[in-house]
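Everything on this sheet refers to the single structure shown next.
Every number here is computed from the coordinates shown, using simple stated rules; none is lab data. Quick caveat, the model's predicted, so the values are computed rather than measured. Cβ atoms come from the backbone with ideal geometry, glycine included; neighbour counts cover every protein chain shown.
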Number of protein chains: 4
Amino acid sequence: MTAFTSDNVSGIHPAIFAALSDENSGYRMPYGNDETSARLDAAFSDLFEREVAVIPCTSGTAANAIGLSLLAGPINSVLVHERSHVYVDECNAPEFYSNARLEPLKGANCKIDPSEIDRLLTTLGEAHSPQPSAISITQSNEVGLVHTLEELSELVDHSKKGGLRVHMDGARFANAVASLNCSPAEMTWKLGVDVLSFGATKNGCMAAEAIVLFDQNLVKQAKYRQKRAGQLLSKNRFLAAQLLAYLNDQLWLENARQGNNQMKTFVEQLSGLNGVILPESVDSNMMFCGFSQEQNRALQEAGLAGYLFEDGRMRLVCSWATQDSDIDGFINCVKAAI
Amino acid sequence: MTAFTSDNVSGIHPAIFAALSDENSGYRMPYGNDETSARLDAAFSDLFEREVAVIPCTSGTAANAIGLSLLAGPINSVLVHERSHVYVDECNAPEFYSNARLEPLKGANCKIDPSEIDRLLTTLGEAHSPQPSAISITQSNEVGLVHTLEELSELVDHSKKGGLRVHMDGARFANAVASLNCSPAEMTWKLGVDVLSFGATKNGCMAAEAIVLFDQNLVKQAKYRQKRAGQLLSKNRFLAAQLLAYLNDQLWLENARQGNNQMKTFVEQLSGLNGVILPESVDSNMMFCGFSQEQNRALQEAGLAGYLFEDGRMRLVCSWATQDSDIDGFINCVKAAI
Amino acid sequence: MTAFTSDNVSGIHPAIFAALSDENSGYRMPYGNDETSARLDAAFSDLFEREVAVIPCTSGTAANAIGLSLLAGPINSVLVHERSHVYVDECNAPEFYSNARLEPLKGANCKIDPSEIDRLLTTLGEAHSPQPSAISITQSNEVGLVHTLEELSELVDHSKKGGLRVHMDGARFANAVASLNCSPAEMTWKLGVDVLSFGATKNGCMAAEAIVLFDQNLVKQAKYRQKRAGQLLSKNRFLAAQLLAYLNDQLWLENARQGNNQMKTFVEQLSGLNGVILPESVDSNMMFCGFSQEQNRALQEAGLAGYLFEDGRMRLVCSWATQDSDIDGFINCVKAAI
Amino acid sequence: MTAFTSDNVSGIHPAIFAALSDENSGYRMPYGNDETSARLDAAFSDLFEREVAVIPCTSGTAANAIGLSLLAGPINSVLVHERSHVYVDECNAPEFYSNARLEPLKGANCKIDPSEIDRLLTTLGEAHSPQPSAISITQSNEVGLVHTLEELSELVDHSKKGGLRVHMDGARFANAVASLNCSPAEMTWKLGVDVLSFGATKNGCMAAEAIVLFDQNLVKQAKYRQKRAGQLLSKNRFLAAQLLAYLNDQLWLENARQGNNQMKTFVEQLSGLNGVILPESVDSNMMFCGFSQEQNRALQEAGLAGYLFEDGRMRLVCSWATQDSDIDGFINCVKAAI
């Protein structure tokens, strides 16, 4: 068991747990017809500085899959990075919900190369090919890097030229906002994002994600697809309570800053240690780090190792819950193994 | 807001909430690879007096849909009652997950007429018809009635003659066991049930259902379908904690008895009141009751009415959380409106 | 082997076979990019007195399923008669292609009762139900009856009130036009039909049906769904050649009249024979007729029997190919068995 | 219009057309219940020297998609070459029918690199990945190359190590057999192929492909999926007649030899011409050839050009119908443009 395996090894943030407790009294109408659920759209509209509609879900996979199903159907394809979570870690869920194909694109650092979009767009109108209708961009992405607003803008521009709609996988949306120090609006609809998977589980909730719809025309489809997916909870109020507490007093942003800052501290302490190969840049709360064989072994034996990838690097993730003592313990083990 | 709208208007049982709190410390491996999750199969195997495998879900719709998808595929049909929850209240979810058709069968009191099974089985081998491969039986059912073991046995026998496999929608499984005073085993695999949706949300959990597999051959499909559905939670430990607390010290059964008993009290107090038309029999924690127009109006105005059905009867449901004062309030309103 | 089993026991009409032969010379561009295929839209637009788009298919099941998939999706239902071909004889194909549910409606004589439409429309907006988005009407229908234009109009009007779109299963479209002596336009788009399965196989073609789209907005989806279904033939020219020959010189109508007329003759000769129970009305080339047990047995032994239905009646179908001698042989057998 | 665009620019072989004519008399039972259809299994069993079951289809896309759906389901993936027809030219049909993902693999000359299979097999047991269950191999392949029996054997061996089942896309199966001079058995089930798409349309039929099942356990699923796909024709006899004529007197092999030989002649005449860049090897009836800009332009203007690919090479295909004069015309144009 290790603190750095993922940000989802953490538990429920105390403020969110308190909200669950507060919500646990009296009778409430089921299936989202309660007053807590009714406050969701307004809370997210405040956050995004415009009217949005919100579909709460219990997992990021469901949020991504329902979200994509609103932008791509049976005759379509969705452009994704070949190492994106939707492509490699969701066991056909996006295809299940959308009936579309995912087209794996290349690009350094887990960021889609814009020229790859252009390449795929040449299949528009081709009678034998699924027609590209959407792109999915992960922010912050699967290697912990954050697209700059300029990079996002470039991806969106290439996509919109072909009429594609834009989905953002924001499982770690908060960490990206904290990193860029921009507003949620600037990172989404102001750039042209149509549907956002707004992650909350990894950053302090128990099991709560929000599909944020910037296009009201998608709401009806989204609501019925949520139900059809088994994602409309009878006691939806507890899902709403988590999300509201998450937004309250900028907890979402504070938690993300905390995770990002702990990673900064972590990197500083790893920096310069023999055997340690840090990545060129660390943007958020996650990074991939190389260690010597001895260090890898020592970390493994101490139960401190993160997941080892094919290229030999170890994935390390901080969260709102990461303690200084976790970092100290890890650093001590690395030093001892030099 | 009314106490009797459904059993899902209740909150989280204190013992289950305490389990969530206990679980909320330290780091745990995600996606069910934690020690709490690892205890699920054994706990349910104890309950069912044989080895079972368990797939936890966050909604009954997801549990039913995944469960049915294990027993029926694209060329198949599933026999269901025409008023069953899977047919009328899950917005195509069973078809979405299984690609099979649901065949709506008739039968009094929301119980499938066994001769309807025979009728459908005549399509076996017919080249132009989807092939029946499964039946779904709700226990206790959509009008709160409980199939006797003999009735279940008859349905299963007719089904097995045609090679059908048997799914039980046990959204209110506990209430049925409490009503029949039998063991979970006697009501399921000993009769031939292959897959059970074991409900827990309505009876004290926050959002937790368990697909119970009595056939180990289904486990691999079930696990990957759970993931593909977006039902494999990263912080699965909180789902497991709910279910374990629910099983602990027979809380599931105690809660169901409490709900059933409150309904008994409720019926006794309604009995003989002018304008009130009670159903012939009340088996569990739910019933459909007729009231005079004045009473309906008065209940509506007092915010005490349950859901009114097309035939003019009101659905009333008790739960583990139903208070004597809830019953008193309702009775007083009815009496005042006579 | 019997002449009256179905109209599809017939072969290929000589004029259509000649067209196949004429088409069989030289090289042509594949996948519909040939000159013969290019003439389809214009030929059907002439027939329907307005611009239409045509998607050729090799089976009525494919035509119906693709057609319905344009009008109903995963969150929808399609209203159909409980004894319609799409519901009972296509093995989940409409659900496969559309992901929608088929809602079986009641109605005498295989015609949907308009009040059934109203009943289903009450689920519009209901959060737990698939949303009705289309109706499918078979013309002429599964028992050989033809909706009058007034009856069609009534069904369409009830449907349009709920925003439903209208599909017509015209596997025997020509027989209906011949029966009503109206124009194809009057029986379709002038009433509000959006998509038509225009049958040709039963009435003289080898394997050719046309999806006729009265709404140009559906064309792109239709073309890609045709390809995705495996219904875009490389040698599409032979499919187009069949359909063009079928339309040429009103062959489609002549063939249908011939089938209808042979049925009239058949009925006249059956009329008044002992043991024979004719239906109240015979509108087209198909009917269901009762015979005495002896007659049924004699017909069976002589290899002249049609398909016997559950109610004991025999289905009898004439086609463009039905010979007077076929009728004579059948009548003689019936008479001999009296 | 050009002779070399594809082998499907050809028409119907006279012997096959004659079979259609012979079949066009009298009444026959529909939906494959006729005597001609009944002969299919035996004819193919003779060809393959063992018992096989055959599902006739009207397109290669349908044959591939139904075939793959027998070997892979919603939780699975199918390993394919990234340039294979099933991946790039069937508009999501394999995913539509199977609900599985296609995993695009690399490999020179459109042949899957066996090490790519090993790489994908590392996802077996991985909880977040679709599980590989099948591989699809095209023979002869999309660039006209033929896998040797050794190459096929190697691909199958790597696949079987991971428990994969084997599909062969044999749209140009006959050309491969003619090229290898082996038996159909040697190229399929003797190596471990489970399901074969046996192409006939490109090689002389009008619209006829056969799914050949080497595993009797797949037959029931296949038959109902054929019906559900809309691929069970009412006048199936004409589909069967094409296939039987195609097998008769080794017409399938003669036609393929003719196509291959014409390509040999074509290559000989192109060889050594200025500006012409022939591929390293030409195995069957298709190849990709480079021309000078002048030649490309001249061929285009003369209406003789084949399809130009991204790398600037032109695809050229011969068939049973290719005339010496077609080759002469092409060569003359090339020579004139040097």
Enumerate the whole-percent occupancy of each 10 Å bin, from 0 to the last occupied one, for all C-alpha pair distances of region D:191-333. 10, 31, 26, 20, 12, 2
Counting Lys and Arg as +1 and Asp and Glu as -1 over every other residue whose Cβ sits under 12 Å from the Cβ of residue D:83, the net charge comes to -3
For chain B, the helices passing both cut-offs (Cα extent along own axis of 20 Å or more, Kyte-Doolittle mean at least -1.0, full DSSP H runs) are B:251-270
From DSSP H assignment alone, runs of 4+ in chain A each adding -39500 (n - 2.57), the sum over residues rounded to the nearest 500 puts [θ] at 222 nm at -11500 deg cm²/dmol
Quick check for me: using +1 on Lys/Arg Cβ and -1 on Asp/Glu Cβ, what's the dipole size of region C:110-232 about its Cα centre, in debye to the nearest 20? 700 debye
Take chain B, connect every pair of alpha-carbon atoms lying under 10 Å apart with a spring to form a Gaussian network, then pick out the residue of B:239, B:71, B:304 with the largest mean-square fluctuation. B:304
Across the identical copies, how the residue B:18 labels are spaced - nm, sorted shortest first, 7 Å along Cα→Cβ: 2.3, 9.0, 9.2
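For each pair in A:220/C:161; A:202/A:264; B:106/C:160; C:202/C:264; D:160/D:190; A:227/B:264, compute the distance between the two Cα atoms and list the pairs where it is over 21 Å.
B:106/C:160; A:227/B:264
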Which of C:310, C:301, C:150 moves the most in a Gaussian network model of chain C with Cα springs under 10 Å? C:310
Inter-copy separations for residue A:118, label at 7 Å along Cα-Cβ, nm, ascending: 3.8, 6.2, 7.2
Binning at 20 angstrom from zero up to the longest distance, how are the C-alpha pair distances of chain A distributed in percent? 32, 55, 13, 0
Identify the GluC sites (Glu not before Pro) of region C:254-285 meeting these criteria: DSSP loop state and at most 16 other C-beta atoms within 10 Å of the C-beta. C:280
DSSP-assigned coil residues among trypsin sites (Lys or Arg not before Pro) in region D:43-131, each with at most 16 further Cβ atoms within 10 Å: D:50, D:106
Here FRET efficiency (C-beta to C-beta, residue A:278 to residue D:151, R₀ 56 Å, nearest 0.05) is 0.80
Defining a contact as two alpha carbons under 8 Å apart and six or more residues distant in sequence, what relative contact order in percent does chain B show? 23 percent
At 7 Å out from Cα toward Cβ: residue C:33 inter-copy label distances (nm, ascending): 4.2, 5.0, 5.6
Let me know the charge dipole size of region C:1-128 about its Cα centre in debye, to the nearest 20, where only the beta-carbon of Lys, Arg (+1) and Asp, Glu (-1) is charged. 220 debye
Considering only C-alpha atoms, what is the centroid distance from region C:118-185 to region D:135-195, in Å? 49 Å
Using only the alpha carbons of the protein assembly as shown, what is the convex hull's orientation-averaged projected area in square nanometres? 52.3 nm²
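Region D:295-338: which chymotrypsin sites (Phe, Trp or Tyr not before Pro) are DSSP loop and have at most 16 other beta-carbon atoms within 10 angstrom?
D:307, D:309
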With each label point set 7 Å from Cα along the Cα-Cβ vector, what nm distance links residue D:336 and residue B:249? 9.7 nm
Return the percentage of antiparallel bridges among DSSP beta bridges fully within chain A, rounded to the nearest 5 %. 45 percent
Report, in debye and to the nearest 20, how large the dipole of chain A comes out about its Cα centre when Lys and Arg carry +1 and Asp and Glu carry -1 on their Cβ. 800 debye
Any idea which of A:252, A:230, A:281 is furthest toward the positive side of the dipole for region A:223-308, if Lys and Arg beta-carbons carry +1 and Asp and Glu beta-carbons -1? A:230
Tail beyond 18 Å, pair distance distribution of region C:113-260 (Cα, percent): 61 percent
Using the Kirkwood formula on the Cα atoms of region D:1-127, what hydrodynamic radius do you get, in angstrom to one decimal? 18.1 Å
Identify, for chain A, the residue whose C-beta comes nearest the rotation axis onto chain B, and round that distance to whole Å. A:58, 2
I'd like the distance between the alpha-carbon centres of region B:239-283 and region C:236-265, rounded to an integer number of Å. 66 Å
